[in-house]
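Where a number appears in this text, it was derived from the coordinates with a stated rule and is not lab data. Quantities reported herein were computed from a predicted structural model and do not represent experimental measurements. Reconstructed Cβ throughout: ideal geometry from the backbone, glycine too, with neighbour counts over all protein chains shown.
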């Protein structure tokens, strides 16, 4: 009898482990959908240039977009916005310029990850062009200007007057630190 109880418990624990593994595997797409719907994690939208040009511009309103730049400890780059903030009309296409520099004697591949705060604002922040869409390779001591073109949707709630676009550059995943160019 005790042997049968051990077998039943073992099967239940095995099924629990399988369920937990499957749930963990499914969490990534579920999390992405949740972020897209709610604006959690500051994920921004993406627009084509054509879509951006059809927006209605709210000439009576100004929104401040602040820029925050960071680099991960493993990436020896300097990274800064040319302007700390911009005042934009919701609906208009705006552009910000960032300067990045590789401070080493070797080429390195980096990837910028964006986020927007407050989280609700990310639902109304769309980019038409961004250096964060692709990995960036900088040669030894190379300095480069990079642009982001964006639109703050004119449907942004009135209570949001300031938003922060933050980028963190990381060493690109799947690459080693040194790249041969």
*Starting from the Cα of residue 140, step 7 Å along the direction of its Cβ; do the same at residue 84; then give the gap between the two resulting points in nm.*
3.6
*Hey, fewest Cβ within 10 Å first, where do 141, 89 land in order?*
141, 89
*Please give the peptides 146-159, 109-122 ranked by average Cβ packing (other Cβ atoms within 10 Å per residue), highest first, as a rough proxy for protection.*
109-122, 146-159
